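Data first, discussion second: the structure below is written as structure tokens.
The values are calculated or read from the model by the stated rules, or taken from the named source; none is laboratory data. Bear in mind the structure is a predicted one, so any value in this text is a computation, not a measurement. Cβ atoms come from the backbone with ideal geometry, glycine included; neighbour counts cover every protein chain shown. When the accessible area is computed, the model is the full protein with side chains, heavy atoms only, and any ligands, DNA or RNA have been set aside. Shrake-Rupley method; radii C 1.70, N 1.55, O 1.52, S 1.80 Å.
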Amino acid sequence: MTDPVLLAVSRAIAETAWTNVPMAEWAARADVPLADLQARFPTKLAILLAWNKAADTMMLTDLSADEQEGPIRDRLFALLMRRIDALQPGRDALALLPDPRRGAPHLLVAVAPHLLPSMVWTLEAAGLATGGMLDLLRAKALGITYGLTLRAFVADPNPDLSDTMKALDQALKRLQGWPFALPREASPTAPEAAATPSNGL
């Protein structure tokens, strides 16, 4: 993620807090003209939405075969970790959000509906979208998985994000057990059975 204004403002938030801090102070700490800050981020929610958009962009850019083919869980794991990687530069600011003293839990509630389209695009990138209502049901289920992973991410002390990856893997395993949450994996056809014609016996 290379947006210098978003990065600078996020560092200012991490140094201060989300609540009871005027945005003008963030602008001063970030060395960003107040008019530029207002043009880019007219509200505090807009800062979170910018991070979500950055995660969408990183997830969908230069997709590899691993993210579009192979087992469904592997595809979703790779794509959601792309999203997480995009958030790493802002993790200190994002980690404050649930804190009732320095964070802003109400912003988490406000941003939640905006994650649904992002999860639909995750299904699109994984080749799992249907183009119908089923996508919304699956996106909601995938959003729960992503939310659980974010909780692990902001608390993960490991540079390699091993706790985050473990949490995501476990959440995806649970997701596969939910009705309609994900398509069923295709069962491979045995080559012998497919090649041998039936003789009626």
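The figures follow:
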quantity	calculated
Listing of helices (runs of 4 or more DSSP H) fully contained in the range 1-84 that carry 3 or more residues being within 21 Å of LEU168 (Cβ to Cβ)	44-60
Leading residue by the ranking (most open to solvent (accessible area, probe 1.4 Å)) among those in the range 157-177 that are within 13 Å of ILE84 (Cβ to Cβ) and free of Cβ contacts under 8 Å to residues at least 40 places away in the same chain	LYS166
Selection status of ALA65, without any contact (Cβ under 8 Å) to a residue 24 or more places away in the chain, of a type outside the set (Phe, Trp, Tyr) and open to solvent by less than 20 Å² (accessible area, probe 1.4 Å)	no
Answer residue from the range 4-15, given it is without any contact (Cβ under 8 Å) to a residue 24 or more places away in the chain and open to solvent by 20 Å² or more (accessible area, probe 1.4 Å) and is farthest from PRO100 (Cα to Cα) among those	PRO4
Pairs where the first residue, in the range 113-139, is over 12 Å from PHE180 (Cβ atoms) and open to solvent by 70 Å² or more (accessible area, probe 1.4 Å) and the second is modelled with pLDDT of 95 or more and among the polar types (S, T, N, Q), C-beta under 7 Å, 6+ apart	HIS114/ASN52
First in the range 24-45 and surrounded by 12 or more Cβ atoms within 10 Å (Cβ to Cβ), second anywhere and of a type in the set (Lys, Arg), Cβ under 7 Å, 6 or more apart	ALA30/ARG11
